[in-house]
Amino acid sequence: MPLISFKKNHVSFEVAPGANLMKSLLEAGLPVASSCDGDGVCAKCKIQILEGAENLSAENDTEQFLKEKNNLAKNIRISCQTEVHGDVKVDASYW
């Protein structure tokens, strides 16, 4: 099972392969910024990927559009559009 871990002092947790990153973080009790409830409109749910980017789903068209529109760095993912397929280490500015 894939493991989501954190830069800061949050407890790591396992998720099912293919789990949505945003939903997984919310289910673990971590806040995820969003004004569109994960509909892929606002890009506020951006998460910095510190390790394991290769273990995430490829960027879909919605994510690519949002990243380009908001001039986001390569290591930033839109969590509502991202699936976890292996271990990943993440961070967010608001944690």
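The values are calculated or read from the model by the stated rules, or taken from the named source; none is laboratory data. As the structure is a computational prediction, the values presented were derived from the model and not from experiment. Reconstructed Cβ throughout: ideal geometry from the backbone, glycine too, with neighbour counts over all protein chains shown.
Would you confirm whether or not the range 59-75 contains a residue that is under 13 Å from the mean Cα position of the chain (by Cα) and either of a type in the set (A, V, I, L, M) or at pLDDT below 95 (or both)?
no
Restricting the range 42-89 to residues that are hydrophobic (A, V, I, L, M, F, W, C) and in a loop (DSSP other than H, G, I, E, B), which is surrounded by the most Cβ atoms within 10 Å (Cβ to Cβ)?
Here the answer is C45.
I'm trying to understand the selection: among the residues of the range 9-41, which are in contact with a strand residue (DSSP E or B) (Cβ under 6 Å, 6 or more places away or on another chain) and part of a loop (DSSP other than H, G, I, E, B)?
Those that are in contact with a strand residue (DSSP E or B) (Cβ under 6 Å, 6 or more places away or on another chain) and part of a loop (DSSP other than H, G, I, E, B): S12, V15, G18, A28.
Considering only residues of the range 13-41 that are touching an Asp or Glu at 6+ places or on another chain (Cβ under 9 Å) and surrounded by fewer than 16 Cβ atoms within 10 Å (Cβ to Cβ), which is nearest to D61 (Cα to Cα)?
The residue in question is G18.
Looking only at the range 1-45, filter to residues that are of a type in the set (S, T, N, Q) and within 11 Å of the chain's Cα centre (by Cα); which one of those is farthest from I78 (Cα to Cα)?
The residue in question is S24.
Could you run through the range 1-12 and say how many residues are exposed (fewer than 15 other Cβ atoms within 10 Å of the Cβ), under 14 Å from D91 (Cα atoms) and not charged (D, E, K, R)?
Total satisfying the criteria: 3.
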